[in-house]
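The values are calculated or read from the model by the stated rules, or taken from the named source; none is laboratory data. The structure presented is a predicted model; accordingly, all values stated were derived computationally and were not measured. Note that we place each Cβ from the backbone using ideal geometry, even for glycine, and neighbour counts take in every protein chain shown.
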Amino acid sequence: MSERQQESRLKEKRIATLTLGCKVNQYETDGMRELLEQAGGVLVDIQETADIYIVNTCSVTNMAERKSRQMLHRLKKQNPEGIVAAVGCYVQSVPDEVLKDLAVDLVIGNNCKKNIVSILEAYLKQRQAEEAQERRNNKQSNALWLPMDTVTDYEDLEITHPSEHTRAYIKIQDGCNQFCSYCIIPYVRGRIRSRQPEDIFKEVQNLAAQGCKEIVLTGIHLSSYGKDFQMEEGIALLDVIRSLQEVEGICRIRLGSLEPRIITEDFVGELRKYKKVCPHFHLSLQSACNATLKRMNRKYTIEQYMESCKLLRSAYDRPALTTDVIVGFPGETEEEFSTTVRNLKALNLYEIHVFKYSRRRGTKAETMPDPVSEAEKTKRSDCLLALTAEQKAAYERQFQGKAVQVLVEEKLGDGLYTGHTERYIRVKLKSEQDVRNQMIETIFEI
Ligand code: SF4
């Protein structure tokens with residue numbers, strides 16, 4: 001059958017998508033949505049009755065997997081006749097479990113998302129020919145996933161319009177080689193793969209032509225970008241930033257989560273030349289105690305992390321530094337946690353995203369001794385949440401009454417708009433005119 005004829009099977013099918021997890025997943029869902037639309041599908045809201053539901057799942061925590069499962073079941077209940085496709089990380093994490101799940105009709109792993117149209121086409125053809133019961137007994141044939149440790153190609157998905165009008169998250173890297181002891185991601189996303197710089201440039205140019213003003217470069221392990229091109233850490237990423245700096249219409253470039261080790265004197269010296277790069281950096285930390293970091297298999301010390309922050313603070317005016325911290329990692333004693341608190345106080349970051357450790361099947365930390373009780377994890381989490389609230393308020397107070405540039409994103413009503421400053425501080429402002437997608441100077445008021 002010709003491609004044109006095959007595509008007609010999706011024509012006018014009502015298709016709803018749902019994304020769980022990170023910005024990389026969001027980008028990939030947006031890419032799939034565009035492919036489905038090009039194939040004639042009609043995109044509808046997830047609350048509506050659809051012919052096909054696609055759930056781009058997440059497996060970063062037990063909670064994320066549970067939510068993925070719940071959503072798949074809820075959608076099957078919403079329309080028992082609809083096709084429910086489980087896509088992505090949860091599929092890679094526990095393929096056998098997903099295959100047995102009667103709520104799921106189609107099982108699609110990572111690096112198969114670009115084939116979403118042909119997979120659905122084939123399934124619709126097969127479904128026409130089969131009895132429902134047989135189909136259920138034969139779920140194996142409705143599954144497409146690859147063992148991720150063998151995948152070496154970057155999956156070419158692209159977007160031509162961003163899901164948020166002013167800001168686009170651009171996926172430029174996939175996979176991770178770090179194997180932090182608590183993390184399932186290297187198993188479900190595979191080894192590092194980088195996107196070709198010319199593809200990134202073309203996509204950003206196209207988005208800018210449509211009015212997008214801000215881009216955020218994202219990846220599973222962004223700092224590894226270009227290592228698979230046999231380039232030194234950081235060099236290829238700087239090359240991409242340099243080229244994007246030239247794209248007309250793009251006013252801001254943000255970087256997604258970075259490894260502290262990439263922040264060297266040379267890297268920062270080069271980065272600061274690119275004026276569109278926002279003074280807002282997310283440096284992943286996870287613990288501020290060296291003993292805990294070692295058990296987590298993180299490959300830096302708290303002293304190196306502090307040095308990275310110092311370098312950024314000397315290169316940029318009051319940069320917004322943010323991070324992630326896990327509390328209650330196996331064996332985290334009271335003393336280790338106190339060390340983390342002490343160092344976080346000294347670091348004085350803009351924002352700390354706090355996570356309670358949750359045991360992940362198949363990781364090294366799964367069998368580590370000395371688990372921390374849930375009550376203790378909550379206590380430690382509350383302690384860090386209080387600390388970050390205090391530090392965040394103090395950071396924002398520095399800008400009180402000062403002029404800030406805001407990229408206006410949304411209209412709230414009654415002449416009220418909202419957007420973010422270059423340091424990613426959310427600001428509300430009043431205007432008589434429609435100022436959406438404009439860069440406005442305003443006086444910052446808390
Ligand atoms: S760097 Fe560590 S936490 Fe991040 S994806 Fe890789 S293994 Fe997971």
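Residues are listed down the side, and each one gets a yes or a no for (1) farther than 26 Å from S358 by Cβ; (2) buried (at least 17 other Cβ atoms within 10 Å of the Cβ); (3) β-branched (V, I, T):
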{"residue": "A16", "(1), (2), (3)": "yes, yes, no"}
{"residue": "L20", "(1), (2), (3)": "no, yes, no"}
{"residue": "T29", "(1), (2), (3)": "no, yes, yes"}
{"residue": "M32", "(1), (2), (3)": "yes, yes, no"}
{"residue": "I52", "(1), (2), (3)": "yes, yes, yes"}
{"residue": "S68", "(1), (2), (3)": "no, yes, no"}
{"residue": "L106", "(1), (2), (3)": "yes, yes, no"}
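Given the structure, is E233 at pLDDT below 95 and not assigned by TED's automatic domain parsing to the domain that holds Y424? For E233, the condition - at pLDDT below 95 and not assigned by TED's automatic domain parsing to the domain that holds Y424 - is met. Restricting E203, E198, E270 to residues that are touching a Leu at 6+ places or on another chain (Cβ under 8 Å) and of a type in the set (D, E, K, R) narrows the list to E270. Considering E336, E307, E303, the condition of being among the acidic types (D, E) and closer than 26 Å to G219 by Cβ is satisfied by E307 alone.
Check whether at least one residue in region 114-127 is modelled with pLDDT of 90 or more, crowded, with 21+ Cβ neighbours inside 10 Å, farther than 30 Å from P279 by Cβ and within 16 Å of the ligand (Cβ to nearest atom), and report yes or no. No: region 114-127 contains no residue that is modelled with pLDDT of 90 or more, crowded, with 21+ Cβ neighbours inside 10 Å, farther than 30 Å from P279 by Cβ and within 16 Å of the ligand (Cβ to nearest atom). Hey, any hits in region 301-323 for a residue that's among the basic types (K, R) and either within 12 Å of the ligand (Cβ to nearest atom) or within 21 Å of the chain's Cα centre (by Cα) (or both)? Among the residues of region 301-323, not one is among the basic types (K, R) and either within 12 Å of the ligand (Cβ to nearest atom) or within 21 Å of the chain's Cα centre (by Cα) (or both), which makes the answer no. Just so you know, in region 156-186 the residues that are more than 16 Å from the ligand (Cβ to nearest atom) and of a type in the set (A, V, I, L, M, F, W, C) include one that is nearest to K294 (Cα to Cα), and it is I170.
Quick grid of which residues meet (1) among the hydroxyl-bearing types (S, T, Y); (2) surrounded by fewer than 11 Cβ atoms within 10 Å (Cβ to Cβ); (3) assigned to a strand (DSSP E or B); (4) not assigned by TED's automatic domain parsing to the domain that holds E351:
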site: E409; (1), (2), (3), (4): no, no, yes, yes
site: T418; (1), (2), (3), (4): yes, no, yes, yes
site: K428; (1), (2), (3), (4): no, no, yes, yes
site: E432; (1), (2), (3), (4): no, yes, no, yes
site: V435; (1), (2), (3), (4): no, no, no, yes
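One residue alone among N79, N56, N62 is within 28 Å of F179 (Cα to Cα) and surrounded by fewer than 21 Cβ atoms within 10 Å (Cβ to Cβ), and that residue is N62.
Note on region 190-216: residues that are more than 16 Å from A236 (Cα to Cα), touching a strand residue (DSSP E or B) at 6+ places or on another chain (Cβ under 6 Å) and within 16 Å of the ligand (Cβ to nearest atom) total 0. The set of residues from region 72-124 being aromatic (F, W, Y) and more than 17 Å from R14 (Cα to Cα) comprises just one member, Y90. P147 meets the conditions (1) away from the ligand (no atom under 16 Å from the Cβ); (2) in contact (Cβ under 8 Å) with a residue 12 or more places away in the chain in every case but one. The failed one is (2). With respect to the conditions (1) away from the ligand (no atom under 16 Å from the Cβ); (2) surrounded by 14 or more Cβ atoms within 10 Å (Cβ to Cβ), S287 lacks only one, and its number is (1). Comparison of M296, M306 shows that the only residue that is of a type outside the set (V, I, T) and either in contact (Cβ under 8 Å) with a residue 60 or more places away in the chain or over 20 Å from A346 (Cα atoms) (or both) is M296.
The single condition among (1) within 16 Å of the ligand (Cβ to nearest atom); (2) over 16 Å from T322 (Cα atoms) that P260 does not satisfy is (2).
Looking only at region 208-243, residues that are within 23 Å of F281 (Cα to Cα) and in a helix (DSSP H, G or I) come to 14 in all. With respect to the conditions (1) surrounded by fewer than 15 Cβ atoms within 10 Å (Cβ to Cβ); (2) basic (K, R); (3) at pLDDT 95 or above, R423 falls short on a single one, namely (1).
With the structure loaded, tell me whether I250 is within 29 Å of K402 (Cα to Cα) and either under 23 Å from the mean Cα position of the chain (by Cα) or within 14 Å of the ligand (Cβ to nearest atom) (or both) or whether it fails that test. So I250 fits the description; yes. Taking the stated definitions as given, is V188 over 30 Å from P369 (Cα atoms) and buried (at least 17 other Cβ atoms within 10 Å of the Cβ)? No, not satisfied.
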